[in-house]
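Accompanying notes for the structure given below.
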Amino acid sequence: MPVRKSVTVIAAINDCGFNLMEHQPYSPDLAPSDFRLLPKLKAAISGTQFHSDDDVILAVEGFLTSQDNEFFKSLRLGNVPFASLIATLVVFVGVGVFCGTLYRALQIIIMKVMDNLFGFSVQWLEVIQVVFIVIAVVMALFSIVLCVFGFLATGATRKNVYSGKKCIMGGSISAAFFMVISFILDLAWVVISCVATIPIIIYMMIMSICNEEVYNNSASKYCFELKHFGIYRNSTYANLGVSPPGKDQVCDTERRVFCDRVAEAGPMFAVALAGAVVIIIGMTMFLIILATNYTRIKISKEVTQYRNAIDSEELELDYGGKDPFANSR
């Protein structure tokens, strides 16, 4: 068991009025010195025998002074939230694949199947097309906002932005708010993924009929009727004494055209489902990152208090234990 966890040490800490600061939890944005500075320093002084501490100090200082500006600029990559950037890229790819393929698949169903073959349009399918464009824009903007928040809560940027009490409180509230929104969106995309499986199931059913009744049986008289799929033409025309536009079924040579169009749109629905799964993965990554950033910002409060306490102690030592502001009161 670590020393700081022992009962004696904890009791002594409490008696002295100290606050026990736990180690920071795992961060997806690792320290750059572990990957850029220290390995190169080890390679530079490897195999050298040092006879005193001064020799080690001179060797390290010689290594650092021999490096150009580009070497030190490369160390600043630690301020880049790679995890947030990766999550943003994943969400962008998922949204692009989902909305792009689903929009194209619905366009085939609306124009090449409903308009050209059955002779009438389904308004709610056209509305869904517009809705998916709006979803794509909203998800893209939200992922950009989360990426910006990742920059603000990473590395040296966090120390500059979240240094005061109000800033730390605002950062904690922002992180908690984004976590709630991300969780809700993640659940929403799970529901969307479940709904996206419906056209895939319908596609498999129709293609099974096409293979048995159209492609492999030219003598079949089977007709595809819309009412089998729960789609009916506008019934308000019957109240007006006018027959609705279009037709309820396709037969003969139109059957093959119908099957070809369904075969063209079906795989796009499957790709759209894959895009939705990618979005769920990206939003889950954002949830993990936001939880980590929330903990970081919360720890920044403790670090700030610790630094203020150290500064106060140093100030008292400089004035010999006297109150430096005694004369001003």
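Observations
- Verdict on V148 being surrounded by fewer than 18 Cβ atoms within 10 Å (Cβ to Cβ), at pLDDT 85 or above, under 15 Å from the mean Cα position of the chain (by Cα) and assigned to a helix (DSSP H, G or I): no
- Candidate set: region 205-226, residues that are free of Cβ contacts under 8 Å to residues at least 12 places away in the same chain and aliphatic (A, V, I, L, M); chosen: the one surrounded by the most Cβ atoms within 10 Å (Cβ to Cβ): M205
- All helices (runs of 4 or more DSSP H) inside region 1-117 with 2 or more residues being modelled with pLDDT of 70 or more and over 37 Å from the mean Cα position of the chain (by Cα): 37-45, 53-65
- Filter result for the condition that a residue is among the aliphatic types (A, V, I, L, M) and at pLDDT below 75, over I184, I231: I231
- Count - residues of region 257-269 that are over 16 Å from E213 (Cβ atoms) and either in contact with a Pro (Cβ under 7 Å, 6 or more places away or on another chain) or surrounded by fewer than 17 Cβ atoms within 10 Å (Cβ to Cβ) (or both): 3
The values are calculated or read from the model by the stated rules, or taken from the named source; none is laboratory data. This is a predicted model, so every value here is computed, not measured. No Cβ is skipped: glycine too gets one built from the backbone with ideal geometry, and neighbour counts run over all protein chains shown.
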